[in-house]
Each structure stands twice: as C-alpha cells, then as structure tokens.
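Every read-out reported here was derived from the displayed coordinates using simple, explicitly stated rules and does not represent laboratory data. Quantities reported herein were computed from a predicted structural model and do not represent experimental measurements. No Cβ is skipped: glycine too gets one built from the backbone with ideal geometry, and neighbour counts run over all protein chains shown.
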Amino acid sequence: MTGQVRVVALVSGLVQGVGYRWFVRGLARDAGLAGSATNLPDGRVEVVLEGPPDVVRATVAALSGPGAPGTVHAVDTRDGAVQDVRGFTTA
C-alpha cells in the first residue's frame, strides 16, 4: 500500500502485567493504525504498527512517553515490509 510503513518495536523494561499492551492498543486505535502488541517470553513486548509514516513515528515515540504504564527501559525499532494488516490485536 503506497504511503504506508511498518515498524516493529521491541519494548523492554517492566512492561508485562501492567496494562502496557492495552495502552498500545489505545494509542494505535486513536491514531488509526493497524498492528499488534504481543508479550514475548523474555519479558519484552513486541509492537507492530502499520500506517502513514508520520503517524507511526509519533506513535512509536509515545511508546516510552509519560503515559506509558510500567517502566520502559528501551524501545528498539526496525522497519518491515508492509503487510496491509487490518485492526489491532493483543496477545
């Protein structure tokens, strides 16, 4: 899809069991983005966001912002191929 990007962010810190995935879901919904937030076995949360570049960048910046629940130590991002996903899932 033209004009869309996909970013995969690995969020580390105290981000499981504190409502972090639901926080991300709300950010994505409010921004009109598609993707997912998934707990990983190592304690991180993987966040996938797809949408317009500026909106995705702003949402990635908010992943460690003052409203984020828990304690975010780092957000490591990489670009991915757009998969034209719909909606937002949490797992």
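Scanning the range 1-26 for residues being touching a Lys or Arg at 6+ places or on another chain (Cβ under 9 Å) and either more than 9 Å from Gly70 (Cβ to Cβ) or among the β-branched types (Val, Ile, Thr) (or both) gives a total of 8.
For (1) within 14 Å of Gly19 (Cα to Cα); (2) surrounded by 11 or more Cβ atoms within 10 Å (Cβ to Cβ); (3) not aliphatic (A, V, I, L, M), each residue gets a yes or a no:
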| site | (1), (2), (3) |
| --- | --- |
| Leu33 | no, yes, no |
| Asp42 | no, no, yes |
| Pro53 | no, yes, yes |
| Ala62 | no, yes, no |
| Ala68 | yes, yes, no |
| Thr77 | no, yes, yes |
| Arg86 | no, no, yes |
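For the range 54-91, which positions are assigned to a strand (DSSP E or B) and free of Cβ contacts under 8 Å to residues at least 40 places away in the same chain? Matches in the range 54-91: none.
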